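**Student:** Before I ask anything, here is the structure I am working with.
The values are calculated or read from the model by the stated rules, or taken from the named source; none is laboratory data. None of these values were measured; they are calculated from a predicted model. Neighbour counts run over all protein chains shown; Cβ positions are idealised from the backbone, glycine included.
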Amino acid sequence: MHSDTTGSWTPVALSADLPAGTVIPARIPAGSIALWRSESGRPAASANRCPHRGMSLSHGFVRGEALSCIYHGWSYARAGNCLRIPAHPGLTPPEAIRVKTYPVEETGGVIWVAMGEPSSTPPKLEGLVALRSLTADAGIEAIEAAAGAKTSPEGLIEPAANTETICLLLSEQEGGQTLIHVLLKGEAVPTVRIAASRAAESLRRKAEDLQEKGIGQ
């Protein structure tokens, strides 16, 4: 779950889903972003539109410490300034050519993005191991009804039937969907991981069924 307050943190992805040298689409309350990791391993978050022609930067590619648009190859640094325009190799791009960027923190196997200047750091998620993410076609209230529990201010919820094994980290998405990050409690042995994944999928189906019936809306 997230707050619409500027400066709040949104859990957008798991660290394992963003290898070095890759870019993926993600979403914060401000809208769609391009979440990317430089080849040195540093995560970054940029607005998802290239200033040149408006192409989605999440369709682009990472080279070294820069994110490049797939359309005409304009490259941007983690700070948002344009580094290179391939059609004009001798040109130093004007400072005015920039992509909006957002603060990024990585903790406990989760990548967090803030819309403004946050006044605190993201939750530490101590004792929890990130397992996987899945998207539910259901809102927070339907998931709470399916879980038989309430979400904490940090977006964490402990399903009543699985309080000893899993914790879910929720993030509201557009269109009434919810991004669910599944976190394990304790040792992440294969049998526990499989059981936890199945439990999360079962809860998602239950929440979607409740949403369809209008329960928890």
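**Student:** Being charged (D, E, K, R) and either at pLDDT below 95 or out of contact with any strand residue (DSSP E or B) (no Cβ under 9 Å at 6 or more places or on another chain) (or both) narrows it down to one of GLU105, GLU117, so name that one. Let's see the steps before the verdict.
**Tutor:** Working: GLU105 fails: either at pLDDT below 95 or out of contact with any strand residue (DSSP E or B) (no Cβ under 9 Å at 6 or more places or on another chain) (or both).
Step by step, each of GLU105, GLU117 is checked, and only GLU117 is charged (D, E, K, R) and either at pLDDT below 95 or out of contact with any strand residue (DSSP E or B) (no Cβ under 9 Å at 6 or more places or on another chain) (or both).
**Student:** Moving to a separate point now. Go through segment 150-170 and report how many residues are out of contact with any Leu (no Cβ under 9 Å at 6 or more places or on another chain) and either closer than 20 Å to THR191 by Cβ or touching a residue at least 12 places away in the same chain (Cβ under 8 Å) (or both).
**Tutor:** Counting residues in segment 150-170 that are out of contact with any Leu (no Cβ under 9 Å at 6 or more places or on another chain) and either closer than 20 Å to THR191 by Cβ or touching a residue at least 12 places away in the same chain (Cβ under 8 Å) (or both) gives 3.
**Student:** Scanning segment 82-97 for residues that are of a type in the set (A, V, I, L, M, F, W, C) and in a loop (DSSP other than H, G, I, E, B), which turns out surrounded by the most Cβ atoms within 10 Å (Cβ to Cβ)?
**Tutor:** Residues of segment 82-97 of a type in the set (A, V, I, L, M, F, W, C): 82-83, 85, 87, 91, 96-97.
Then drop every residue that is not in a loop (DSSP other than H, G, I, E, B), which leaves 85, 87, 91, 96-97.
On the way: ILE85: 18, ALA87: 9, LEU91: 10, ALA96: 8, ILE97: 16.
Taking the candidates together, the pick is ILE85.
**Student:** If you don't mind, another one. Select, from ALA77, ALA47, the only residue that is without any contact (Cβ under 8 Å) to a residue 24 or more places away in the chain, in contact with a Leu (Cβ under 8 Å, 6 or more places away or on another chain) and crowded, with 16+ Cβ neighbours inside 10 Å.
**Tutor:** Working: ALA47 fails: without any contact (Cβ under 8 Å) to a residue 24 or more places away in the chain.
Exactly one of ALA77, ALA47 is without any contact (Cβ under 8 Å) to a residue 24 or more places away in the chain, in contact with a Leu (Cβ under 8 Å, 6 or more places away or on another chain) and crowded, with 16+ Cβ neighbours inside 10 Å, namely ALA77.
**Student:** Having 2 or more residues that are in the same structural domain as ILE33 (by TED's automatic domain parsing) and surrounded by fewer than 18 Cβ atoms within 10 Å (Cβ to Cβ) is the bar; report the strands (runs of 3 or more DSSP E) wholly within segment 123-185 that clear it. I'd like the intermediate steps shown before the answer.
**Tutor:** Working: elements: 128-136, 166-172, 178-185.
No strands (runs of 3 or more DSSP E) qualify here.
**Student:** Then there is this: Limited to segment 16-59, what total is found for residues that are under 19 Å from ALA79 (Cβ atoms) and not in a loop (DSSP other than H, G, I, E, B)?
**Tutor:** 15
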